[in-house]
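Every number here is computed from the coordinates shown, using simple stated rules; none is lab data. Remember, predicted model here, so these are calculated numbers, not experimental data. Neighbour counts run over all protein chains shown; Cβ positions are idealised from the backbone, glycine included.
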Amino acid sequence: MQKPARCAPKPNHVYALATLRVSEKCVFADNIWVVLHCVAGQRPRHGTINWNISLPDGSSLTDEKNSSLLTEFKALVWTMIHDPREGKAITGGTLNSLELAIASVCSWMILEEVPSIADIDSAMSWEYAQYFLDHHEQVDPKKQKTRPRTVSNASASVRLTVLVYMYRQRQALRLLGIEPAQEAPYDGRSVDDVVRNELDLHRKGKLDPIPDDIAIPVLGSAIRFLGAPADDVMALQDLCMRAFEEAPGESEGTWCRREKYRAAIAELTKFQFARIDEEVEPWRGPLEPTPRSLRDGRMGMLEGNQLLRRLIITIQSAAIVCIQGSTGMRAHEMCGLDAGSEESQPLPGCIESEISSDGLMEIFYCHSVEAKQSKVRTRWVIGARSVGSNYLPPPVRAFQVLWQLYMRWRRLGGTTKLLVTFRAAKGVPRRSTSVGRMTVVGLTELQKDFLREHCDLSGASEASRVEFLEQHRLRGHRWRTTFALFLFRVNSGLLPAISRHFQHLSMVMTERGYIGNDVDLIDTLDSTRVMESARFMLEFAEGRSAAAGSVAKHVERFREELREQKVEATQAAAEVFIIENDLRIFFLPYGHCFLHLKPEASRCHELGGSSHWSWRGPNVAFRSPSVCLGCQLFIANGRHLPVWQERESTYAKALKGSQRDPALRVIKARHAQATNMVAILGKKAAK
Ligand code: SF4
């Protein structure tokens, strides 16, 4: 390969760049860039780039001889933060992975003696892709303690994308006096296409659901721990802490602390654990020193207050497994949950309940913040019970346990975060600095330990045991697909509801930058929506379904198109029509919403003051049967007749109530609407 001439930025540019502000905490010339980020559950280092990157020739990127390369990459990152082109600005939380990607590209440039990003053309970008495949898994002797690196869809996507940025940011780079890459890398193909089809790296396995022979015992064990064992551990913790506080002597001084410590240990050793309903023996024997083997093979001894610490952490882990496994909630959203400080309340502040519109069910919701890009507040349905019942659905009980078990530690740490950690290696916290915040990694580590130490996997297949006990493949995110597929298997008709559940909670999922993480789930849900939408079109085209609603004329178009093109009305043809015309339906219990047809005509968005052509989903805050009835994007057919009949009879009953009820006018109007729909749908169904 012919080596192009080195083209360093001009000195006056370098001087001007040096003083550019990157964030409140650093300027361009600094060797460590820190950009504040507020993605809950991510470690602070995610908002950092350390430019002191080791290169294969033994030098560092910050060495004088690499100064022009350093300036180019700093300029690239600066423009991605402050002058993004063709997309949103990157956030602090992505800097750490960008550092890894830049280290890979710089290493290749040094080895291949490529002096500047301006010299990287499309042909060279393929050489870089090959370099990545050949070198990524090589062990850096200086970093033997870090996790072994694997060539995967995710690692390739992150590292190959840097070359795309070099071209995409070309105009912004020129404004800084940096000559950018002259042509798009990889022959203009998307990184996703290259990674999947050229490097043959598919996302398979990344978000595979947890197999049943693992998921069932793990969830079963978690729910078991949230019953009597959780009550026991909370009681034991209170006894020990009270004994510690009330034992004679000040908290200061070695001798006094030892007395207090002994008082707490006395409570530990005499504590009798309860029996779980329908079990003969207490759920565990008296506490005594016990050996503990760690995942990395080390052995330790649990004794003294270490026993209490492990019990508390075990119950916390069980609650986390239960919540993720029964709601599909994301790990970073869990880390960011705010419990509030109303300690007299039975549940944390992020949980609220509402009575369903028919007055029969009490539905529990959890408020969280989707922190990736848009900081959207989201609301997860986490369980329901009959009105008046004392039953707590398992995820709600898990929230209750987390709230109460860690109340004293939250108070000590001066935080209102629902999930906190014990930062010191041993014992329970005594100072505020010993209470730490939960991270996404920490959340997964807890679950791996819980699986290994408290779940009976003797009935699992050998393959599952290897995957989860030896390779430690349990990741919090895998509960999302597990949860979705579990519901799907219980009743495939629930898919529209599952889709709504995830859509409601993941506004950003459809944005390109995030789709990578959830692509398998989106594919599953999207293809089901396409399938269901096509089935509706087909029934309509074949006259098997008569529909009522303003949108019916658009649906007619499908029938005409098939006739004109003399295409046989098959499921496949209908799916093609749905995809080509972007006519995916939103399935509501009382009808279908064709929002994609004309988003700006959406009645729910109009009422919410949010009308715009770019909406990809309804405005759930303003959507209701009566609103949809007045919307030109709504359609209902015979399948929805029972819902409207039930609505009619509910309002008919309500009409018999007090005639002074101020809501009577609304009830009358809704009853009339429902009666009308029942008449129309009933007549159409009879034809
Ligand atoms: S009002 Fe109903 S039919 Fe219209 S866009 Fe909103 S959800 Fe869809």
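To make sure I understand, if each residue's beta carbon is the centre and we count other beta carbons within 10 Å, what order do 317, 356 fall in, fewest to most? Walk me through the numbers before you get to the answer.
Working: 317 22, 356 11.
The order, fewest Cβ neighbours first, is 356, 317.
Under 5 Å between amide hydrogens, built in the peptide plane, is the criterion, and for residue 292 it picks out 300, 301, 302 among residues at least 5 positions away or on other chains. Sequence-distant contacts, meaning Cα pairs under 8 Å at least 6 residues apart, place the relative contact order of region 302-450 at 28 percent.
Let's test the formula: R0 of 25 Å, r as the Cβ-Cβ distance of residue 68 and residue 21. What FRET efficiency results, to the nearest 0.05? With a Förster radius of 25 Å, E is 0.70.
The phi torsions of region 275-281, fed into the Karplus equation with coefficients 6.51, -1.76 and 1.60 and a -60° offset, translate into couplings of 9, 7, 3, 6, 10, 7, 9 Hz, rounded to whole numbers, with Gly and Pro shown as x. Which entries of 260/426; 656/684; 88/417; 426/448; 417/448; 25/88 show an alpha-carbon separation above 25 angstrom in the structure shown? Flagged as over cut-off: 656/684; 88/417. Applied to region 630-635, the Karplus parametrisation 6.51 cos²θ - 1.76 cosθ + 1.60 on θ = phi - 60° returns per-residue 3J(HN,Hα) values of x, 9, 6, 9, 9, 8 Hz, with x for Gly and Pro.
Each of 449, 296, 134 was scored by other Cβ atoms within 10 Å of its Cβ. Arranged with the fewest first, they read 296, 134, 449.
About its Cα centre, the dipole of region 281-373 is roughly 760 debye, where the only charges are +1 on Lys and Arg Cβ and -1 on Asp and Glu Cβ. Cα centroid distance between region 91-124 and region 419-492, in Å? With region 91-124 and region 419-492 each reduced to a Cα centre, they are spaced 35 Å. Computed from backbone phi, the HN-Hα couplings of region 442-453 come to x, 4, 6, 4, 4, 5, 5, 5, 4, 4, 6, 9 Hz, rounded to whole numbers (Karplus: 6.51 cos²θ - 1.76 cosθ + 1.60, θ = phi - 60°; Gly and Pro given as x).
To one decimal place, what orientation-averaged projected area in nm² is obtained for the convex hull of the Cα set of region 588-629?
One quarter of the hull surface, i.e. the mean projection, equals 2.6 nm².
One way to sum up the overall shape of region 295-395 is the equivalent ellipsoid from its Cα gyration tensor, whose semi-axes run 31, 19, 13 Å, largest first.
Order of 386, 624, 155 from fewest to most other C-beta atoms within 10 Å? Write down the numbers at each step before the final one.
Numbers: 386 9, 624 15, 155 20.
If I rank by nearby Cβ atoms, fewest first, I get 386, 624, 155.
Amide H to amide H, with H built 1.01 Å from N, residue 27 comes under 5 Å of 22, counting only residues 5 or more places away or on other chains. Close amide H contacts of residue 417 (hydrogens built in the peptide plane, cut-off under 5 Å, sequence separation of 5 or more or a different chain): 339.
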